[in-house]
1. Within the set of pairs 6 or more residues apart or between chains, which connect a residue that is under 8 Å from Gly185 (Cα atoms) inside region 93-104 to a residue that is surrounded by fewer than 14 Cβ atoms within 10 Å (Cβ to Cβ) with Cβ atoms less than 6 Å apart?
2. Restricting attention to region 441-479, and to residues there that are buried (at least 17 other Cβ atoms within 10 Å of the Cβ) and small (Gly, Ala, Ser), which single residue is nearest to ligand 3 (Cβ to nearest atom)?
3. Do we have Ala378 as out of contact with any Cys (no Cβ under 9 Å at 6 or more places or on another chain) and touching a residue at least 24 places away in the same chain (Cβ under 8 Å) here?
4. Does Asn510 count as surrounded by 15 or more Cβ atoms within 10 Å (Cβ to Cβ) and either modelled with pLDDT under 95 or acidic (Asp, Glu) (or both)?
5. Are there strands (runs of 3 or more DSSP E) fully within region 164-277 with at least 3 residues that are in the same structural domain as Arg111 (by TED's automatic domain parsing) and under 30 Å from Leu105 (Cα atoms)? List them.
6. Does Ser529 meet the test of being farther than 29 Å from Arg418 by Cα, among the hydroxyl-bearing types (Ser, Thr, Tyr), in contact (Cβ under 8 Å) with a residue 24 or more places away in the chain and within 16 Å of ligand 1 (Cβ to nearest atom)?
7. When Arg366 is evaluated against the numbered criteria (1) within 16 Å of ligand 2 (Cβ to nearest atom); (2) farther than 30 Å from Arg451 by Cβ, which criterion, by number, is the only one it fails?
8. Just the residues that are out of contact with any strand residue (DSSP E or B) (no Cβ under 8 Å at 6 or more places or on another chain) and in contact (Cβ under 8 Å) with a residue 24 or more places away in the chain, please, taken from region 191-214.
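The values are calculated or read from the model by the stated rules, or taken from the named source; none is laboratory data. Source: prediction; values computed, not measured. Positions of Cβ are backbone-derived with ideal geometry, glycine not excepted, and every protein chain shown enters the neighbour counts.
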Amino acid sequence: MHRLFARQREKATKPNGVVDLDVLGELVATAYEQAERDRVRTERSINLMVDELDTLNRTLEVQVAERTVALGNREKELSAQNLRFDAALNNMSQALLMFDGNSRLVIHNKRYCEMYWLAPDDIKPGMVLPDLLRLRRACGTFSGDPEAYTASLKAMIARGESFHSSIELPNGRTIDVWNSPMPDGGWVATHEDITDRRRAEKIIAHMAHHDSLTDLPNRVLFQERLADMLRETRDGKRVAVFYLDLDNFKAVNDTLGHQYGDELLKRVAQRLRACVHENITVARVGGDEFAVILPDIVTHDDAALLARDICQAIRDPYDLFSHVVVTDTSIGIAIAPDNGSQPDELLKNADMALYRAKADGRGTFRFFEAEMDATVKARRALENSLREALMEGQFTLHYQPILNLDENRIPCCEALIRWNHPERGMVPPGEFIPVAEEMGLIVAIGEWVLRQACNDAATWPNNTKVAVNLSPIQMLSPNLVPMVIGALAAAGLPASRLELEITESVLMQNTEATVAALHQLRSLGVKISMDDFGTGFSSLSYLRRFPFDKLKIDRCFISDLSKHDQSGLAIVRSVAALAKNLGMITTAEGVETAEQVELVRMIGCTEVQGFYFGRPQPLKDIVRTLNQYLPKQAKSA
Ligand code: C2E
Ligand code: MG
Ligand code: MG
């Protein structure tokens with residue numbers, strides 16, 4: 001019997017042992033009701049729990065779904081990262097290997113196989129280094145002992161140090177290898193092909209020490225080598241330093257152009273190299289300046305011998321793009337230890353000797369001598385004061401009248417520059433014009449002369465012309481024609497009243513550019529005279545190159561002229577006749593005596609210029625002279 005029912009029957013049993021059925025029925029009903037209430041409560045609890053579980057489930061589902069998406073994304077990210085890593089690994093210019101703590105290969109890239117000529121399938125993760133090196137040895141890209149190499153590498157890695165080596169491959173390429181330790185006891189190796197970098201570094205180093213045009217050592221390398229040589233030279237041995245400079249290089253450069261100038265420099269460099277033994281340093285130390293170190297000489301003659309050879313070699317004509325060009329070289333030589341023991345000192349002294357070689361006529365060589373120092377200093381002082389002279393207005397012009405013999409009038413006066421030096425007094429042009437030419441200052445001086453002469457002539461009576469001397473250097477200036485036009489315009493002088501005097505050397509040094517400039521000037525109405533005729537070489541050929549208006553026969557033909565000098569007379573006579581036939585006026589220069597006047601008149605010269613008739617004189621005097629001639633000119637006109 002159910003315990004609950006037993007207890008209810010007990011409760012409903014009366015003391016007399018009779019069961020009160022009503023009470024029992026009530027008790028049972030109450031128990032059923034209670035049970036029903038419990039069941040309903042329980043059901044409600046269960047429902048609540050089910051609901052809660054349901055909510056929880058849904059939350060979990062959402063969370064799982066979210067996690068799944070996140071994981072998916074992460075996976076995608078990881079695979080993208082893997083792809084990127086793979087791309088990076090296989091596209092890097094360096095080869096890469098990674099070994100784990102057990103010295104087994106974990107990662108490698110394609111570049112490694114390419115670099116060492118291995119088949120991609122040869123290499124597999126898990127391999128050990130000696131196996132890999134053996135594969136390389138079979139391909140010829142490893143030449144050492146795989147075990148020994150691995151042992152020394154591992155020893156370094158174990159100490160936490162990087163292991164570096166360089167490998168030369170049979171194809172000439174150089175590989176730089178770095179093995180760096182990793183925290184797990186493994187290491188990562190990078191292999192870089194540094195061949196191109198090395199080559200570039202070599203080229204840069206070469207460029208820093210060589211001249212790009214001629215590929216000769218430059219001044220820096222020259223000085224280094226000279227310093228080395230001087231340190232090594234002991235025991236009575238001597239070293240000669242040559243300083244060379246091309247004569248007339250500027251003319252080639254200016255007239256034919258830089259392309260020709262450059263080509264000439266290259267050819268000169270080749271010839272210089274050919275003159276000396278391979279281990280002798282020949283350098284280009286400036287524009288057209290070269291230097292040579294001649295070691296181990298015993299006497300000056302050893303150096304002189306080479307200097308002569310060099311002069312000879314440079315002198316041979318050059319065929320530059322079908323143009324024949326001739327140049328010469330001047331050489332200054334200083335000898336160590338006699339003339340100095342330091343590179344700078346030797347170069348300076350060789351330069352001084354070069355100065356002398358040039359002054360002595362070029363195309364030659366000179367050894368340094370102590371007194372040159374003083375000469376060069378004096379020359380430098382002259383150069384400085386010449387520069388000052390121009391700025392401080394120390395130049396002045398004198399004018400020398402030129403007489404027309406037939407008409408007995410002064411058609412023209414020649415402008416002759418004078419330097420009124422504050423201490424030295426009047427310096428004649430012969431002393432400073434050559435210096436100004438070498439300095440290039442003549443261009444500025446020449447412009448001053450031209451402007452001044454045009455201004456002065458504009459004040460002269462009777463349309464008297466002015467003759468102005470042009471230096472060969474001025475003729476090279478591309479600015480010459482505009483400069484002449486400017487000077488005429490500024491003075492208001494008609495071009496027909498200007499004569500420009502050039503010497504044969506102008507046509508010697510130059511070709512088309514000069515002739516073209518002369519034609520341009522002539523087309524303006526300017527007259528062109530050939531000055532100092534007879535002092536150059538092949539005079540007649542120059543007369544054919546340009547139709548000069550006037551030929552000035554040099555003083556040297558006139559000064560000795562006398563009735564008894566038949567050959568002198570014959571020369572001047574034929575020159576005068578030649579000029580006449582070519583339609584040129586002839587001026588006899590340097591006429592000093594009445595006899596000479598008569599002789600040149602008889603011979604057929606048109607004009608005379610000389611002390612007999614009038615010295616070069618300041619502006620105010622020449623104006624007076626011209627005014628004195630006015631009546632006569634009026635008469636003869
Ligand atoms: P040049 O052009 O032949 O000038 C004539 C020179 O002969 C002048 O010398 C003149 O004084 C000199 N002379 C004239 N008649 C006689 C004479 O009867 N006897 C002697 N013994 N000499 C006479 P200067 O003035 O000393 O000039 C010398 C040279 O300097 C000139 O020769 C010319 O080549 C150059 N020169 C003068 N002025 C200039 C200038 O402004 N520019 C340039 N580039 N050169 C100039
Ligand atoms: Mg002259
Ligand atoms: Mg002259």
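1. Listed by first residue and then by second, the contacts come to Gly101/Asp184.
2. My answer is Ala467.
3. Values: out of contact with any Cys (no Cβ under 9 Å at 6 or more places or on another chain): yes; touching a residue at least 24 places away in the same chain (Cβ under 8 Å): no.
When the stated conditions are applied, Ala378 does not pass them.
4. On the way: surrounded by 15 or more Cβ atoms within 10 Å (Cβ to Cβ): yes; either modelled with pLDDT under 95 or acidic (Asp, Glu) (or both): yes.
Taking the combined requirement at face value, the residue satisfies it.
5. On the way: elements: 174-181, 187-193, 238-247.
By residue number, 174-181, 187-193.
6. Working: farther than 29 Å from Arg418 by Cα: no; among the hydroxyl-bearing types (Ser, Thr, Tyr): yes; in contact (Cβ under 8 Å) with a residue 24 or more places away in the chain: yes; within 16 Å of ligand 1 (Cβ to nearest atom): yes.
Considered against the rule, which asks whether it is farther than 29 Å from Arg418 by Cα, among the hydroxyl-bearing types (Ser, Thr, Tyr), in contact (Cβ under 8 Å) with a residue 24 or more places away in the chain and within 16 Å of ligand 1 (Cβ to nearest atom), Ser529 comes out as no.
7. For Arg366, the exception is condition (1).
8. Just the residues of region 191-214 that are out of contact with any strand residue (DSSP E or B) (no Cβ under 8 Å at 6 or more places or on another chain), to begin with: 196-197, 199-208, 212.
Those that are out of contact with any strand residue (DSSP E or B) (no Cβ under 8 Å at 6 or more places or on another chain) and in contact (Cβ under 8 Å) with a residue 24 or more places away in the chain: none in region 191-214.
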